[in-house]
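Every number in this text was worked out from the coordinates using simple rules, so none of it is lab data. Quick caveat, the model's predicted, so the values are computed rather than measured. A quick note on method: Cβ atoms are made from the backbone with ideal geometry, for glycine too, and the neighbour counts reach across all protein chains shown.
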Amino acid sequence: MGLGTLTWGADTDADAAAAQLALFTESGGTLLDTADIYADGEAERMLGALLGDLVPREHVVLATKAVARRHDGPFGGGASRGALLSALEGSLRRLRVDHVDLWQLHAWDESVPLEETLAAVDTAVAAGKVRYAGVSNYSGWQTATAAARQARAGALVSTQVEYSLLERGIEREVVPACLHHGLGVLPWAPLGRGVLTGKYRANTPADSRGASAVFAPYVERHRTDRAARIVQAVATAADGLGTSPLAVALAWVRDRPGVVAPVVGARDAAQLRGSLAAEELTLPAAIRSALDDVSAVEFGYPERRLH
């Protein structure tokens, strides 16, 4: 699994972040995922302050993102060459490193030719500031187009997209594109933005993201009648297996075709420990099938199923 830092600098302070990072790396975790836009750059600053002192830089896979609007001006956001290379310099400065292992294009920018965007990626790789590149939140045709045009350079290796029992839309076109082109899938929000843990079934806990002014809209999207049925199925499976709904939900997405590492976030180290425990769980075929059925995504022409 990967450790996400979306809340660092917002709902997660420096001490809590340090405890999470220590637990994650001591448990064998290596992928650290952040972005230049998280908490207006504070997540990168916090992570950079911890690297080296708490965790040796060479022991982790450091991933960040660019494209999101950071400030006004022609190079304050977007996927142009100028904006991307400026964003990368800012990320390296905040992270206190000379390179990142995975640099991800956070969103498709329809105002910039893809050739220009990918040329900027090539420039960053050639300069030694980026080892590998990825995309994020791209549709199926966007993913396939970028992968095909970057195939000769070989730097594009992954896509980071929302994927969980509550959000399976990527199975229509994105996952087939990734399997065809050899890209790894990094699911964000693998717990359905926290809803799959079951903590929102009765009410909204005061210390949850759902009660946060910043993250409440982020959670509300998945508080639907359909989601309630899926959450109940996950809870039933967890009871039968003697584990937590969180572990069941993470084990399900971890073992989907194309997935290489779900990116999990946590409020504190105790919550992260629950996510890491899912690594020990393998879902029985019957339970996996039942969860597949209750959360099934609709397919139609000309889409094809994965199985």
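Worth pointing out:
- Seen through its C-alpha gyration tensor, with square-root eigenvalues sorted a ≥ b ≥ c, the stretch 1-130 comes out prolate because a/c lies at 1.5 or above while a/b is bigger than b/c.
- Sorted fewest first by neighbouring Cβ atoms within 10 angstrom, Lys65, Lys129 come out as Lys129, Lys65.
- Neighbour-limited loop hits for GluC sites (Glu not before Pro), the stretch 102-153 (at most 14 other Cβ within 10 Å; DSSP other than H, G, I, E, B): Glu110
- Rounded to the nearest 20 debye, dipole of the stretch 35-173 from Cβ charges on Lys, Arg, Asp, Glu: 240 debye
- In order along the stretch 162-178, the phi-based Karplus estimate (6.51 cos²θ - 1.76 cosθ + 1.60, θ = phi - 60°) of 3J(HN,Hα) comes to 5, 7, 6, 4, 8, 9, 10, x, 5, 5, 5, 9, 5, 4, x, 5, 5 Hz; Gly and Pro are listed as x.
- A simple spin-label model places pseudo-atoms 7 Å from Cα toward Cβ; at Ala296 and Asp225 they are separated by 1.9 nm.
- Fully extending the segment from Arg57 to Glu110 would add 15.6 nm, taking 0.36 nm per residue of separation and subtracting the current Cα-Cα distance.
- Seen from Pro113, the other residues with C-beta closer than 11 Å to its C-beta sum to a net charge of -2, counting Lys and Arg as +1 and Asp and Glu as -1.
- Cα long-axis angle, helix 114-126 against the chain (0 to 90 degrees, to the nearest 10): 80 degrees
- Taking 0.36 nm per residue of sequence separation and removing the Cα-Cα distance, the Ala148/Arg131 pair yields an extension gain of 4.2 nm.
- Near the amide H of Gly2, within less than 5 Å, lie the amide hydrogens of Val263, Val264, all on another chain or at least 5 residues away, with H placed in the peptide plane.
- To the nearest ten degrees, helix 285-294 and the longest principal axis of the Cα atoms of the chain are 80 degrees apart.
- Check: the chain dipole with +1 on Lys, Arg Cβ and -1 on Asp, Glu Cβ, in debye: 360 debye
- Spin-label model distance (nm) - Trp141 vs Asp13, 7 Å beyond Cα toward Cβ: 4.9 nm
- Distances between placed amide hydrogens fall under 5 Å for Ser136 paired with Leu105, Ala107, Gln160, all partners being 5 or more residues away or on another chain.
- Sequence-separation-based contact order of the chain, relative, with Cα cut under 8 Å and 6+ spacing, percent: 17 percent
- Global form of the chain, assessed from the alpha-carbon gyration tensor, a/c cut-off 1.5: oblate
- The stretch between His71 and Thr236 holds 54.7 nm of extra length on full extension. This uses 0.36 nm per residue minus the Cα-Cα distance.
- Degrees separating the helix 245-254 axis from the principal Cα axis of the chain, which is the longest one: 50 degrees
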